[in-house]
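Input: a single structure, listed below in structure tokens.
The values are calculated or read from the model by the stated rules, or taken from the named source; none is laboratory data. No experiment lies behind these values; they were computed from the predicted model shown. FYI the Cβ positions are ideal-geometry reconstructions off the backbone, even for glycines, and counts take in every protein chain you see.
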Amino acid sequence: MIRLFTLTLILLCSCNSNATRKENNFPEVQTLINKTYENMIFVQEGSFMMGDPRQPFVDALGKDAWTQYFTSEDNIPVHSVDLDSYYMGAYEVTYEDYDIYSNAVGKDLVLNKYLTRAGNVRDPQNPVGVGWDSANNYCLWLGEKTGLPFALPTEAQWEFAARNRGQLVVFATDNGKIEKGVNFPKHSKYPKKVGSFPPSPLGFYDLCGNAAEWVFDWYAKNYYQESPTDNPKGPSTGTEKGLRGGWIFLGPQDSTTVSRSSSPYLKENYPGTGFRCVINTDEPLPVK
């Protein structure tokens, strides 16, 4: 029995060693890690009132738009949230980024039926369109490569950053407003290149109306009614994962800082669902 256990351990170590050596043959991996560090923005710990206060958003959007698009009550009541410090990516992860990961771990490049008829959707600088599992695995892989606590952002982390550390901001643009073609994409079926418009005051790009972004949390319509105050991470189980930031083809009304949506977490790759990673630490990053 001991001999069998030892042999099994040797085989496992050998497989892991081979996998590590294979990834080390891709110098692009270290370039990606360095780029990821450089694009991380530190978000200082703090408290805020998470959720939809309604009237300021009604005033900003107009009553007709509110009535048409905001009949859901999944983002109420407004509730207090306390968050630890973290880093979050300034940009959505791109096809270029994800291709480096795919090549390093031996995955097929992201392709789907939509890309065959969508022109330049697969531009290297466009946000990669993947399902939740694929997004989550990318962040976990970065954690394995760096030894740092990479993850998808929680809904609370995403909203806190989008609202400039919890301020009452309707849209996560440079000025909190929508100016189509200036700080928000004009109507389109597919996302634009990351960084096409000015960043938010904290330095984040495309938190508003490009690709809808996967978050860590399971989605539940009534979660805000029972959410804990301290670093909430969503329900313990569910059938769908949360998405934030709106969809480019739905327009501003679906892209506020408090809007919530969801999708089956094993959904096929789709150009409209992207993501960015966080690092759950307040320690300085090893930027070269």
So how many residues does region 42-74 have that are surrounded by fewer than 17 Cβ atoms within 10 Å (Cβ to Cβ) and either modelled with pLDDT of 95 or more or in a strand (DSSP E or B) (or both)?
6
Yes/no for residue 173 being within 25 Å of residue 231 (Cβ to Cβ) and β-branched (Val, Ile, Thr):
no
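Among the residues of region 238-254, how many are in a loop (DSSP other than H, G, I, E, B), touching a strand residue (DSSP E or B) at 6+ places or on another chain (Cβ under 8 Å) and over 22 Å from residue 82 (Cα atoms)? Quick ask: steps written out before the conclusion?
Taking region 238-254 as the starting set, the residues that turn out to be in a loop (DSSP other than H, G, I, E, B) are 238-239, 245-251.
Adding the requirement that they be touching a strand residue (DSSP E or B) at 6+ places or on another chain (Cβ under 8 Å) leaves 238-239, 245-247.
Those still in the list that are over 22 Å from residue 82 (Cα atoms) too: 238-239, 246-247.
Count: 4.
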Kindly indicate the residue of region 120-136 that is surrounded by 19 or more Cβ atoms within 10 Å (Cβ to Cβ) and over 16 Å from the mean Cα position of the chain (by Cα) and also modelled with the highest pLDDT among those meeting that condition.
122
Tell me, yes or no, whether region 108-119 has at least one residue that is in a loop (DSSP other than H, G, I, E, B), crowded, with 17+ Cβ neighbours inside 10 Å and at pLDDT 95 or above.
no
